[in-house]
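The values are calculated or read from the model by the stated rules, or taken from the named source; none is laboratory data. What you see is a predicted model; the values in this text were computed from it and never measured. Cβ coordinates were reconstructed from backbone atoms using ideal geometry, including for glycine residues, and neighbour counts include every protein chain displayed.
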Amino acid sequence: MSGVQTQPVFHPSVSTPRMAHCATLVELPDGTLLAAWFAGAFETAPDQVIMAARWSPSRRAWTPPQVIAAMPERAVGQPVFWVHPRGDLWLFFVVIMGQTGGPANRTYSVLRTAAARGPRRSPSWNTPG
């Protein structure tokens with residue numbers, strides 16, 4: 001496949017939470033790409049957050065990753081972006097409200113779906129309560 005390029009979004013460091021998985025990618029109306037994933041000590045960990053980075057075609061580089069969704073003492077995950085036809089960016093994700101088992105065999109007992117809406121061209125959010 002010609003034309004396909006790969007480049008790391010970032011190189012993990014001590015200050016970056018360990019990655020988990022479940023990435024989402026969207027092209028924004030201005031032509032930039034926005035990628036998000038969830039990260040934490042382990043999947044379902046209470047420190048799990050959703051992180052994002054933006055690709056600028058003109059700079060040909062990713063921005064440093066930043067946390068875009070977090071709930072204190074709750075794991076968040078499964079991020080999905082959607083761009084509304086008028087340009088607003090939506091982020092849908094789950095919040096783990098209850099769990100059973102230990103870190104090795106933790107299962108979800110209660111999940112809540114959350115959504116956040118950001119204005120055009122901005123990864124700032126109206127976060128759920």
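Below is a table of values for the structure above.
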item: Only listed residue being over 23 Å from PRO29 (Cα atoms), surrounded by 15 or more Cβ atoms within 10 Å (Cβ to Cβ), of a type in the set (S, T, N, Q) and at pLDDT 85 or above, chosen from GLN48, GLN99; result: GLN48
item: Selection count, the stretch 25-41, where residues are under 16 Å from VAL94 (Cβ atoms) and part of a loop (DSSP other than H, G, I, E, B); result: 1
item: Selection count, the stretch 42-54, where residues are assigned to a strand (DSSP E or B) and either touching a Gly at 6+ places or on another chain (Cβ under 9 Å) or among the small types (Gly, Ala, Ser) (or both); result: 4
item: Residue identified as touching a strand residue (DSSP E or B) at 6+ places or on another chain (Cβ under 9 Å) and either of a type in the set (A, V, I, L, M, F, W, C) or surrounded by fewer than 16 Cβ atoms within 10 Å (Cβ to Cβ) (or both) among ALA23, ALA41; result: ALA23
item: Where a residue in the stretch 32-60 is over 13 Å from PHE81 (Cα atoms) and its partner, wherever it lies, is among the basic types (Lys, Arg), with Cβ under 6 Å and at least six apart; result: THR32/ARG54; THR44/ARG106
item: Subset of the stretch 55-73 (residues that are surrounded by fewer than 19 Cβ atoms within 10 Å (Cβ to Cβ), assigned to a strand (DSSP E or B) and not β-branched (Val, Ile, Thr)); result: SER56, ALA61, TRP62, GLN66
